[in-house]
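Since the structure comes first, as structure tokens, the remarks are kept for the end.
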Amino acid sequence: MLIPASFVDQMDRLRLRRAALRYAAHGWPVTPGAWLTGHRFVCGRPGRPIMACHPALDSWEDTASVFAPTVHEWWRSHPHTVLLATGRTFDALEVPAALGVRVLGGARLRSLALGPVAVTAAGRWTFLVRPGVPLRPELDRRLDIVRHALGSWIPAPPSRLLEGFVRWAVRPEQCAWHLPDPATIQALLTDALGSVRTPPPTVPRQMSTSRRAA
């Protein structure tokens, strides 16, 4: 039996809205993102030929919200990607998969508590940490490591990107929504640099605000 596309879209929208409301209920500001249609993202605004994921609102930095009625309304008509505004409740450290796997394994061996960790199908790992601490020099000099702070955002599970769905390697519920000390996570990342083969320089999905301006 063929399931109508409209029913699939509706279920996707409801699933994404539930996730956005859950994040907002825990104080994580959310904003609607463009949604994937075929092989491109659309946001309902004319003249926006952007192929990659992006915020659906021009004023997303000012309007990102934890207010449930606002979040509910944003997902009323379209299956928006769920974007989390960074630099307020948390910063996000985005790293290559090789580093992410190494840090996750090392933390478990040492019985260190990690916060939520998101993973994209393209192999980018994102560690959520308490906000306000710049990258250590060893990390900051690498183009494939990005700190998302004020003025930036990350896609959150269960959003779908071109390569596939965003998922949690460590779900917020697993760590009771705890956000770790960024110095601890950065120390683990720095330690992992010496044991991971250096890949060719790559530019990540989205640069932090400071690097975009540089």
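The helix-based estimate of mean residue ellipticity at 222 nm for the chain, built from -39,500 (n - 2.57) per DSSP H run of four or more residues and divided by its residue count, is -9000 deg cm²/dmol to the nearest 500. Among the trypsin sites (Lys or Arg not before Pro) within region 103-153, those in coil by DSSP and having at most 14 neighbouring Cβ atoms inside 10 Å are Arg110, Arg141. Simple rule: put +1 on each Lys or Arg Cβ and -1 on each Asp or Glu Cβ in the chain, find the dipole, and look at His148, Pro180, Trp35; the Cα lying farthest toward the positive end is Trp35. With N as its number of residues, the chain has a Cα radius of gyration that, divided by 2.2 N^0.38 Å, comes to 1.02.
Can you sort Asp144, Asp191 by how many other beta carbons sit within 10 Å, fewest first?
Numbers: Asp144 18, Asp191 13.
In order of increasing Cβ crowding within 10 Å: Asp191, Asp144.
Placing dummy labels 7 Å off each Cα toward the beta-carbon, the span from Ser111 to Thr63 is 4.9 nm. Between Ala122 and Leu150, the distance separating the two model label sites (each 7 Å from Cα on the Cα→Cβ line) works out to 2.7 nm.
Between Asp140 and Asp181, the FRET efficiency from the beta-carbon distance, with R0 = 25 Å, is close to 0.90. When the chain is treated as a Gaussian network with alpha carbon springs shorter than 10 Å, the biggest mean-square fluctuation among His72, His39, His54 belongs to His39.
Read the figures in this text as sums done on the coordinates, not as results from a lab. Everything numeric here is computed off the predicted structure, so don't read it as measured data. All Cβ positions, glycine included, derive from the backbone under ideal geometry; neighbour counts span all protein chains shown.
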